[in-house]
Protein chains: 2
Amino acid sequence: MTRRIADLLRHGQPTETVTIKGWVRTKREQKEFSFVEVNDGSSMAGLQTVINQDMPDYAATIKRLSTGASVEVSGTLVESPAKGQRIELKADTVTVYGEADAETYPLQKKRHSFEFLRDIGHLRGRTNTLGAVFRVRNAVATAIHQFFQERGFLWVHTPIISASDCEGAGEMFTVTGFDLSKVPLTDDKQVDFSRDFFGKHAYLTVSGQLEAEIMAMAFSNVYTFGPTFRAENSNTSRHLAEFWMVEPEMAFCDLDGDMELAEAFLKYVFQFVMETCPEDMEFFNQRIDDSILATADNIINNEFARVTYTDAIALLEKSSKPFEYPVEWGLDLQSEHERYLAEDHFKKPTIITDYPAKIKAFYMRMNDDGNTVRAMDIVAPKIGEIIGGSQREERLDVLEQRITAQGLDLADYWWYLDLRRYGTVPHAGFGLGFERLVQFMTGMGNIRDVIPFPRAPQEVEF
Amino acid sequence: MTRRIADLLRHGQPTETVTIKGWVRTKREQKEFSFVEVNDGSSMAGLQTVINQDMPDYAATIKRLSTGASVEVSGTLVESPAKGQRIELKADTVTVYGEADAETYPLQKKRHSFEFLRDIGHLRGRTNTLGAVFRVRNAVATAIHQFFQERGFLWVHTPIISASDCEGAGEMFTVTGFDLSKVPLTDDKQVDFSRDFFGKHAYLTVSGQLEAEIMAMAFSNVYTFGPTFRAENSNTSRHLAEFWMVEPEMAFCDLDGDMELAEAFLKYVFQFVMETCPEDMEFFNQRIDDSILATADNIINNEFARVTYTDAIALLEKSSKPFEYPVEWGLDLQSEHERYLAEDHFKKPTIITDYPAKIKAFYMRMNDDGNTVRAMDIVAPKIGEIIGGSQREERLDVLEQRITAQGLDLADYWWYLDLRRYGTVPHAGFGLGFERLVQFMTGMGNIRDVIPFPRAPQEVEF
């Protein structure tokens, strides 16, 4: 029976007869036998196979086993004399499924730049680093579902195509069934969206939060985990046009409950990945960023600090650190400010709460001071902001005032307001960018290297 | 501490002091006390609370507790004298969070049509049927992840925005950053997509299969579970413009392995839902479709039948059943044919294999007869087709011929062909429409009632 290599490396015993299937990573030919390392994607390390020259067609077979070739090897596990590996596979039979011409196969045994690997996105999962990234990514995703399902949250699928713009902000992509060479116009030269597929202007969603609130008002605790989009022309190492977001929403919950959930969530996810992908995390710490294990440890083992925005401003004003951006009550905190608080002052993950209303979204609950809202951002050392959340405004009259004050149209929010009209409850939630979490956890420098097929300005291959 | 009602109904013991939070479903006022049923979305049944007139502000509080009001009740669990419920909650304190004006609240205690409920999609999750649907939907989704994760498959996120059309078929939505009132044209009056956000014509994906194949060629076993799209103008009870799909892909796997996985998968998911949502499934069987429990049982407890397309045609030709559509080798099977095979002939789930090449997609593996491909469809009694899959063509030369024969451009498939050029392996996978599965499992008549916020022609509210 075919065994996965990760399983054999952990549990395989000498004298066991096994079959493995995978791709050749390296080959070392010696006089009487050859060493061929085979990887099947289940772990960073491959299994060393030893092929003896007694094997029929030895020379022809070895010739075909270049890097990238696909192969099936059956044989017996034996203790390995080599250091760094417990066992190896003494091959009885070797079947080559497909070769990989060494002259043209782009993944040769040398270090490739991540930029180059992005151009061969259909092959980069076969490298050590990207292999580790996508295993960790899967572990993070699994941890997310497990965390919420264990706590009785329903996974709700909020719509991808939307006619509303959740936050009244964010640049959005248009989704259309029109032939763009002949878009129908009305008499006054406006686009006639009534003739489009959906009968109105449709967009790709920027957040599932408002719809998640709908579901929380029926099921109490829910979460979204799905793709969201930004049409921002940002060509940076931290922006994607298409990325996955996680957005829990809880009825009968205030900001304190929201902060508790967010802290428990981050600890759970980091712990889960440390336990399920220890070799991959070790690799990132050695090769990519030697602070990631310390960062994980800091998140798992510290109670998060909590500070109000107002107190944070006072701390920043008192600090002797020269900041590039001004510090002043009413201005948003910049990354340098957040990092000072988490890295230099508190030295652990820090939750900043109660921001000025005017720099936050309309749906956040107004405090009694009439000036600040029950918002929170979590910033972590070496990472910066990783979670943003709030208690939502559940009072109909206050919410209507805030929507109007922001120049938005109440009619567009009829159903959102209905939630406050019929059985309204205190509720809260947060949002987390999935790729940013994977990026921070692995230390990868560019967010395009933690999603299999990145979408960004001018980038839509594969 | 707040407890979920599902938990109390199952495990709550008389004399326990508890707090619940939820929404009023029904109220029955009697002389000395009132019965108020509270539901928090965790289960079909709510918890009966008993409010005694001794309570301060009794009359005013009861008045506010109309259907839809949100409430917190603390008290003591007691054995219930009423039939059909084991326990009830003797209230000590009742807090009303939000009222729901009985004059205007749309969900009164009567049967509403599903069409009407779709118009109030922001409230319909609070009804018995839609509540059950979304709990089952969550259970199906959880079962899917658990099934694949237990077997070492990686969840891979294939792109939503794509520049390629997987199957060379299917009507696609355009994704654009253009202002549609001024789409730039080239000198020869074509849309100048080079000036669009992605620099080329971008679409919403119709399938993640080709990208899943990329990932399987590095990690062996992977699955997608994400949204896919069709811009078809189909206003039927079985079509959505936006729906979720599950697509496993396995390297070193042929069609036999694919069929084994698919059968194990369906049994697992049905079993999981029967175990985690028994009350909801019972409800569907009683109120929506009295065959769904038998269907689930049929899937869980039968070894699926297997028949080739060629033999299936022979069976259909021999049958005395009058079919509306012609039966002839080379024509696709219609729903009536598939149902005859599964319901009348085999009387259990049936896998039909080896279809004529000319009615299937280019990527399916050509059989030695040069006429049929290693495709499979799974059809189930009362359900019809539920899964479609195939072994993929792994031979570079054959694949190139098939792409060219279908009038497609080899250059568009450069990376897909590279997978056959470098370390190609036999591989296979299948696709399953998530909403169709939920629809069949629950017996719901319209697919728009098994997704929280359906998208269809002229339908993009919420």
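Quick note: the coordinates plus some simple rules give every number you see, no bench work behind them. Since the model is a prediction, treat every value here as computed from it, not as a measurement. Ideal geometry is used to build each Cβ from the backbone, glycine not excepted, and the neighbour counts take in all protein chains shown.
Report, ordered by chain and residue number, the lysines lying within cross-link reach of A:LYS189, taken as a straight Cα distance under 30 Å and ignoring same-chain residues fewer than 8 apart. Within reach: A:LYS200, B:LYS182, B:LYS189, B:LYS200. Across chain B, Cα pairs under 8 Å and at least six residues apart give a relative contact order of 13 percent.
Rounded, prolate or oblate for chain A? Axes are the square roots of the Cα gyration tensor eigenvalues, ordered a ≥ b ≥ c, and the cut-off for rounded is a/c under 1.5.
Working: a/c = 2.41, a/b = 1.78, b/c = 1.35.
The shape class here is prolate.
The same position A:THR93 in the other copies lies at 7.4 nm from this copy, comparing label points 7 Å beyond Cα toward the beta-carbon, shortest first. Note on A:LYS109: lysines with a C-alpha under 17 Å away, same-chain residues under 8 apart excluded, are A:LYS27, A:LYS63.
If packing is taken as the average count of other Cβ atoms within 10 Å, what order do A:85-95, B:136-146 fall into, highest mean first? Intermediate values should be presented prior to the final figure.
Working: A:85-95: 17.7, B:136-146: 21.9.
The peptides rank, most packed first, as B:136-146, A:85-95.
The calculated 222 nm mean residue ellipticity attributable to helices in chain A amounts to -9000 deg cm²/dmol, summing -39500 (n - 2.57) over DSSP H runs of n ≥ 4 and dividing by all residues.
Per-residue shielding of B:199-211, expressed as the average number of other chain Cβ atoms within 10 Å of the residue Cβ, stands at 2. Once the label point is placed 7 Å from Cα along Cβ, list for B:LYS358 the distances to the corresponding points in the other copies, in nm, shortest first. Its label point is 7.3 nm from the equivalent points in the other copies.
Inter-chain neighbour count for B:121-131: the average number of beta-carbon atoms from partner chains within 10 Å of each residue's beta-carbon is 4. What separates the Cα centres of the range A:254-285 and the range B:95-135 is a distance of 37 Å. Principal semi-axes of the equivalent ellipsoid, √(5λ) from the alpha carbon gyration tensor of the range B:5-98, are 19, 15, 12 Å from largest down. Amide H contacts of A:MET364: A:GLU393, each under 5 Å away and 5 or more positions distant or on a separate chain (H built 1.01 Å from N in the peptide plane; Pro and chain starts excluded).
The 3J(HN,Hα) values that the Karplus relation (6.51, -1.76, 1.60; θ = phi - 60°) gives for the range B:388-398 are, in residue order, x, x, 6, 7, 8, 6, 9, 8, 3, 5, 5 Hz. Gly and Pro appear as x.
Between copies, the label points of B:MET1, set 7 Å from Cα on the Cα→Cβ line, lie 4.0 nm apart, reported in increasing order to one decimal in nanometres.
Using a ≥ b ≥ c from the Cα gyration tensor of the range A:91-212 (square roots of the eigenvalues), is it rounded, prolate or oblate, where a/c under 1.5 gives rounded and otherwise the larger of a/b and b/c decides, a/b for prolate? Here the range A:91-212 falls in the oblate category.
Give the order of A:MET44, A:MET217, A:MET281 when sorted by the count of other beta carbons within 10 angstrom, beginning with the fewest.
Working: A:MET44 19, A:MET217 28, A:MET281 23.
Sorted ascending by nearby Cβ count, the order is A:MET44, A:MET281, A:MET217.
Only lysines eight or more places from A:LYS321 in sequence, or on another chain, were considered; those with a Cα closer than 21 Å are A:LYS347, A:LYS348, A:LYS382. For B:SER319, nonlocal amide neighbours, meaning residues 5 or more places apart or on other chains whose placed amide H falls under 5 Å from its own, do not occur. I'd like the orientation of helix B:309-318 relative to chain B: the angle between its Cα long axis and the longest Cα principal axis, in ° from 0 to 90, rounded to 10. Computed tilt is about 80 degrees.
Compute the separation of the alpha-carbon centres of the range A:293-348 and the range B:161-232 and state it in Å as a whole number. Using only Cα atoms to place each centre, the spacing works out to 41 Å.
If you count, for each residue, the other Cβ atoms within 10 Å and average over each peptide, how do A:346-352, B:157-163, A:186-192, B:179-185 line up from highest to lowest?
On the way: A:346-352: 20.4, B:157-163: 23.4, A:186-192: 10.9, B:179-185: 13.7.
Going by the mean number of other Cβ atoms within 10 Å, highest first, we get B:157-163, A:346-352, B:179-185, A:186-192.
In order along the range B:261-274, the phi-based Karplus estimate (6.51 cos²θ - 1.76 cosθ + 1.60, θ = phi - 60°) of 3J(HN,Hα) comes to 4, 5, 5, 4, 4, 5, 4, 4, 5, 4, 4, 4, 5, 4 Hz; Gly and Pro are listed as x. In whole percents, the pair-distance distribution calculated for the range A:337-462 from its alpha-carbon pairs, binned every 5 Å from zero, is 2, 10, 15, 15, 15, 12, 12, 12, 6, 1, 0. The amide H of A:ILE387, built 1.01 Å from its N in the peptide plane, has A:ILE378 as neighbours under 5 Å, considering only residues 5 or more places off or on other chains. In plain terms, the residue of B:VAL175, B:VAL156, B:VAL78 with the fewest other Cβ atoms within 10 Å comes first and the most crowded comes last, giving B:VAL78, B:VAL156, B:VAL175. Rounded, prolate or oblate: which one fits the range A:1-157, using the alpha carbon gyration tensor with axes a ≥ b ≥ c (rounded when a/c is under 1.5, else prolate when a/b beats b/c, else oblate)? Cα axes put the range A:1-157 in the oblate bin. Distance from the alpha carbon centroid of the range B:409-447 to that of the range B:1-79 works out to 48 angstrom.
Taking every residue in A:148-158 and counting other chain Cβ atoms within 10 Å of its Cβ, the average works out to 5.
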